[in-house]
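A short write-up of the structure that comes next.
The values are calculated or read from the model by the stated rules, or taken from the named source; none is laboratory data. Here the structure is a predicted model, which is why all the values come from computation and not from measurement. We place every Cβ from the backbone using ideal geometry, glycine too, and count neighbours over all the protein chains shown. Note: areas computed on protein heavy atoms with side chains; ligands, DNA, RNA excluded. Shrake-Rupley method; radii C 1.70, N 1.55, O 1.52, S 1.80 Å.
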Amino acid sequence: MARIDYCDTSKSNERTKEILGKNRNANIFRMMAHSPSYFEQYCRLGGAIRHKGELDPVVRELAITRTGILCEAPYEIVAHKRIGKNVGVTDEQNEALESWQAATCFSDVQRAALAFADEIVKLKKPTDATFNAIASKLTPAALVELQLSVGFYIMTSKFLETFGIDMQPVTEVVS
């Protein structure tokens, strides 16, 4: 149960209502709508992460879902397993993300990206070996996008857990 009430969006400005509508009025966004300017900018960056750039969407979604797992954010995990499936993450890969190191269903670049995500979440920064492994497989732009994706979803996971955002059927909030 949410720790504070969701925003009464009937009192929201038109831009906030528009963004909420585009995002299926998902609970996370109804909570963020308490701060319309932050909410709008959050959605702009989230949209860039999900729909712009050159990072392979499967690599991105594997790293985001792994970030949600490490941050213990079920809402994030459920949403991004569905999003991942929509961009080509296999059911086997989604199921293996808890213990990806022992799984054989990930490519070398996916494994390097998952190690990178693990160390971003768990350490102050990735080790040189982990950084160099993923840097040798991605362009500088894709590497920046991967790091920003993981960082953004650490923040998102912590937001979800801080406010106790209520789960919703994923089909209602994720296309």
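To keep it simple, each residue is scored yes or no on (1) more than 14 Å from Ser157 (Cβ to Cβ); (2) hydrophobic (A, V, I, L, M, F, W, C); (3) modelled with pLDDT under 95.
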site	(1), (2), (3)
Lys11	yes, no, yes
Glu14	yes, no, no
Asn23	yes, no, yes
Leu55	yes, yes, no
Arg60	yes, no, no
Gly88	yes, no, no
Glu92	yes, no, no
Glu95	yes, no, no
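For Glu92, work out the one condition from (1) open to solvent by 40 Å² or more (accessible area, probe 1.4 Å); (2) in a helix (DSSP H, G or I); (3) among the acidic types (Asp, Glu); (4) touching a helix residue (DSSP H, G or I) at 6+ places or on another chain (Cβ under 9 Å) it doesn't fulfil.
Result: Glu92 fails condition (4) only.
Only residues that are open to solvent by less than 70 Å² (accessible area, probe 1.4 Å), closer than 27 Å to Ala142 by Cβ and either without any contact (Cβ under 8 Å) to a residue 40 or more places away in the chain or of a type in the set (Phe, Trp, Tyr) (or both): list them for segment 27-41, please.
Glu40
Go through segment 1-46 and count every residue that is outside any helix (DSSP H, G or I) and among the aliphatic types (A, V, I, L, M).
Our first condition is that a residue be outside any helix (DSSP H, G or I); within segment 1-46, this holds for 1-8, 12-13, 23-26, 33-35.
Going one step further and asking which of them are among the aliphatic types (A, V, I, L, M), we end up with 1-2, 4, 26, 33.
Residues flagged as outside any helix (DSSP H, G or I) and among the aliphatic types (A, V, I, L, M) within segment 1-46 amount to 5.
Go through segment 104-127 and give me each residue that's open to solvent by less than 20 Å² (accessible area, probe 1.4 Å) and not in a helix (DSSP H, G or I). Walk me through how you get there before you give the answer.
Looking only at segment 104-127, we keep the residues that are open to solvent by less than 20 Å² (accessible area, probe 1.4 Å), and these are 106, 112-114, 116-118.
If the condition is that a residue be open to solvent by less than 20 Å² (accessible area, probe 1.4 Å) and not in a helix (DSSP H, G or I), then Phe106 is the only one that fits.
Which residues, counting only those in segment 88-102, are more than 17 Å from Asp118 (Cα to Cα) and in contact with a Phe, Trp or Tyr (Cβ under 9 Å, 6 or more places away or on another chain)?
The answer is none; no residue qualifies.
Here are some residues: Arg24, Arg44, Arg3. Which one is of a type outside the set (Phe, Trp, Tyr), open to solvent by 80 Å² or more (accessible area, probe 1.4 Å) and at positive phi? Steps first, please.
Working: Arg44 fails: at positive phi; Arg3 fails: at positive phi.
None of the others qualify; the one that does is Arg24.
Within segment 47-69, count every residue that is open to solvent by less than 50 Å² (accessible area, probe 1.4 Å) and not in a helix (DSSP H, G or I).
Within segment 47-69, residues that are open to solvent by less than 50 Å² (accessible area, probe 1.4 Å) and not in a helix (DSSP H, G or I) number 1.
Return yes or no: is Leu97 closer than 20 Å to Lys52 by Cβ, out of contact with any Gly (no Cβ under 8 Å at 6 or more places or on another chain), free of Cβ contacts under 8 Å to residues at least 40 places away in the same chain and not in a loop (DSSP other than H, G, I, E, B)?
On the way: closer than 20 Å to Lys52 by Cβ: no; out of contact with any Gly (no Cβ under 8 Å at 6 or more places or on another chain): yes; free of Cβ contacts under 8 Å to residues at least 40 places away in the same chain: yes; not in a loop (DSSP other than H, G, I, E, B): yes.
No, not satisfied.
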